[in-house]
Amino acid sequence: MLGVHGVGGSNPPVPTIFLMFTSPEKEPNMCPTKKDEQPANIKNKVLRLAGLVEVQEGAVVSREVLSQKSGTATVFAFAAGQQLSEHTAPFDALVCGLEGEAVVTVGGTPHTMHPGEMIIMPAGVPHALRAAAPFKMLLVMIRK
């Protein structure tokens, strides 16, 4: 599913892909989901991950590419300066950099990410992300 996330409250109490994104300048724009962009339409095709989402100024865009009971895979595009506010998740998450640069902070330690790099954010450990430049990533969440 394609979506643009806005500023919000606290994390939901159950494991979901809903994340909180903030911008220092203003609240991100919102855009509707298009039916032709559902995950079923991308199955059994070779696709360029970074091409599944486009950076939109002042926004964070996401597209869920796989959703199962055992976990999800979602591609994100962050405009420069957009961020994922610090939170914890009840299960491990793997972030793979696709384009651009971001600072991912895990357990208080900042890590600069570039294309082709990955980081695993352990369950229960606070983490956050800030796009230093327009940034695209793949987020894989594995439920226990």
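Just so you know, all these numbers are worked out from the coordinates, no wet-lab data involved. The structure presented is a predicted model; accordingly, all values stated were derived computationally and were not measured. Positions of Cβ are generated from backbone atoms using ideal geometry, with glycine treated the same way; all protein chains shown enter the neighbour counts.
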Built amide H within the under 5 Å cut-off of H111, gap 5+: V104, T105, V106
In the range 63-132, trypsin sites (Lys or Arg not before Pro) in a DSSP loop with at most 14 other beta-carbon atoms within 10 Å: K69
In Å, descending, principal axis extents of the Cα set of the range 43-144: 37, 32, 22
Distant-in-sequence amide H partners of F91 (H built 1.01 Å from N, under 5 Å): G124
Net length gained if the chain between I142 and T109 were fully extended (0.36 nm per residue, minus Cα distance): 9.7 nm
